[in-house]
1. Quick check on this structure: which one of VAL155, VAL143, VAL215 is more than 15 Å from the chain's Cα centre (by Cα), at pLDDT 95 or above, in a loop (DSSP other than H, G, I, E, B) and surrounded by 15 or more Cβ atoms within 10 Å (Cβ to Cβ)?
2. Anything in region 28-76 that is assigned to a loop (DSSP other than H, G, I, E, B), closer than 19 Å to GLY116 by Cβ and not hydroxyl-bearing (Ser, Thr, Tyr)? List them, or say none.
3. Of all residues in region 86-109 being under 24 Å from PRO5 (Cβ atoms) and away from the ligand (no atom under 16 Å from the Cβ), which is surrounded by the most Cβ atoms within 10 Å (Cβ to Cβ)?
4. When you scan region 130-187, how many residues do you find that are among the charged types (D, E, K, R) and under 22 Å from LYS252 (Cα atoms)?
5. Inspect all residues belonging to region 8-17 and state whether any of them is touching a helix residue (DSSP H, G or I) at 6+ places or on another chain (Cβ under 8 Å) and among the hydroxyl-bearing types (Ser, Thr, Tyr).
6. Given the criterion more than 21 Å from GLY236 (Cα to Cα) and not basic (Lys, Arg), identify the matching residue among GLU130, GLU161.
7. Within region 64-91, work out how many residues are in contact with a helix residue (DSSP H, G or I) (Cβ under 6 Å, 6 or more places away or on another chain) and free of Cβ contacts under 8 Å to residues at least 40 places away in the same chain.
8. Out of everything in region 158-185 that is of a type in the set (D, E, K, R) and part of a helix (DSSP H, G or I), what residue ends up being nearest to the ligand (Cβ to nearest atom)?
Amino acid sequence: MSRRPLIAGNWKMYLTKDEAVQLASSIASSCRGIDDRDVMLAPPSIFLQAVSESVRDSPVMVAGQNVCWESEGAFTGEISPVMLKNAGAAMVILGHSERRHIFHESDELVNKRLLGALRFDLIPILCIGETLDQREEEQTFAVLEQQLAKGFADVCLEDAEKVLIAYEPVWAIGTGKTATREQAQDAHYFVRGVLSGLYEKKLADKVRILYGGSVKPDNIDSLMAEPDIDGALVGGAALQSESFDRIIHFSK
Ligand code: PEP
């Protein structure tokens with residue numbers, strides 16, 4: 001089963017508007033002509049529109065970093081799926097470990113957001129991953145299984161096919177510690193097995209599973225050589241055009 005790779009940049013709460021536009025334009029020009037992989041940028045939401053305009057006429061897609069489940073309403077501080085789409089987003093990151101751990105977003109809340117994104121045709125990237133303590137206590141697979149089961153609650157088969165997963169071990173995010181390619185592959189293989197149990201093997205074979213956690217120019221090729229790693233969600237190394245370019249242009 002061949003799955004189209006996706007290299008996604010999560011800009012978190014970094015960059016000024018000018019820097020965001022400049023970086024997006026530079027990435028858009030280095031992506032021209034690329035037709036065998038997808039590229040996505042998730043800027044801070046206040047820069048979504050400007051970034052979308054900068055990448056227009058290029059293959060680069062734009063994403064939100066979170067989304068509310070309602071189209072509008074009294075939800076101070078939230079952004080609706082309709083608003084994200086108005087600003088040019090096609091995708092949205094959900095359940096990032098910083099949302100789960102700093103802002104205490106539960107699996108139930110992440111699921112609510114995921115259902116909302118799907119209802120309004122935004123493609124969700126559902127982030128899952130264990131903490132260092134959970135890994136050391138050999139809880140990794142149990143944690144991933146629970147995050148997937150709760151994250152996909154009430155998601156029908158047809159919608160589940162549209163979701164991407166990002167396996168991001170919390171201990172590897174922004175720490176410079178990357179999971180080894182074997183650790184990442186084992187987790188991705190396990191995730192595919194869980195999806196097969198929740199839905200069916202055909203769906204599990206189709207869903208793209210990204211790896212995230214200190215992905216850099218010097219480890220992307222070996223990670224992408226693993227059979228169940230279908231792309232990367234990149235934080236720090238997505239903030240400079242040189243390193244992100246190299247990651248986009250990975251070779252297996
Ligand atoms: C992330 O923000 O999802 C991430 C993986 O960050 P970093 O690449 O900096 O570890």
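The values are calculated or read from the model by the stated rules, or taken from the named source; none is laboratory data. The shown structure was predicted, so the numbers you read here are calculated from the model rather than taken from an experiment. Every residue, glycine among them, receives a Cβ derived from its backbone with ideal geometry; neighbour counts consider all protein chains shown.
1. Working: VAL143 fails: in a loop (DSSP other than H, G, I, E, B); VAL215 fails: more than 15 Å from the chain's Cα centre (by Cα).
Going through VAL155, VAL143, VAL215 in turn, just one is more than 15 Å from the chain's Cα centre (by Cα), at pLDDT 95 or above, in a loop (DSSP other than H, G, I, E, B) and surrounded by 15 or more Cβ atoms within 10 Å (Cβ to Cβ): VAL155.
2. As a first pass, look at region 28-76 and keep what is assigned to a loop (DSSP other than H, G, I, E, B): 32-37, 43-44, 55-59, 65-76.
Filter again for closer than 19 Å to GLY116 by Cβ, leaving 65-76.
If the condition is that a residue be assigned to a loop (DSSP other than H, G, I, E, B), closer than 19 Å to GLY116 by Cβ and not hydroxyl-bearing (Ser, Thr, Tyr), then GLN65, ASN66, VAL67, CYS68, TRP69, GLU70, GLU72, GLY73, ALA74, PHE75 are the ones that fit.
3. In this case the residue turns out to be ALA89.
4. Applying the first criterion (among the charged types (D, E, K, R)) to region 130-187 yields 130, 133, 135-138, 145, 150, 154, 158-159, 161-162, 168, 177, 181-182, 186.
Next, only the ones that are under 22 Å from LYS252 (Cα atoms) stay: 168, 177, 181-182, 186.
Matching residues across region 130-187 total 5.
5. Looking through region 8-17, none of the residues is touching a helix residue (DSSP H, G or I) at 6+ places or on another chain (Cβ under 8 Å) and among the hydroxyl-bearing types (Ser, Thr, Tyr).
6. Working: GLU130 fails: more than 21 Å from GLY236 (Cα to Cα).
After ruling out the rest, the residue left standing is GLU161.
7. 1
8. Within region 158-185, the first condition is being of a type in the set (D, E, K, R), and the residues that meet it are 158-159, 161-162, 168, 177, 181-182.
Narrowing the set further to residues that are part of a helix (DSSP H, G or I) leaves 158-159, 181-182.
Values: GLU158: 28, ASP159: 23, ARG181: 16, GLU182: 19 Å.
Top of the filtered list is ARG181.
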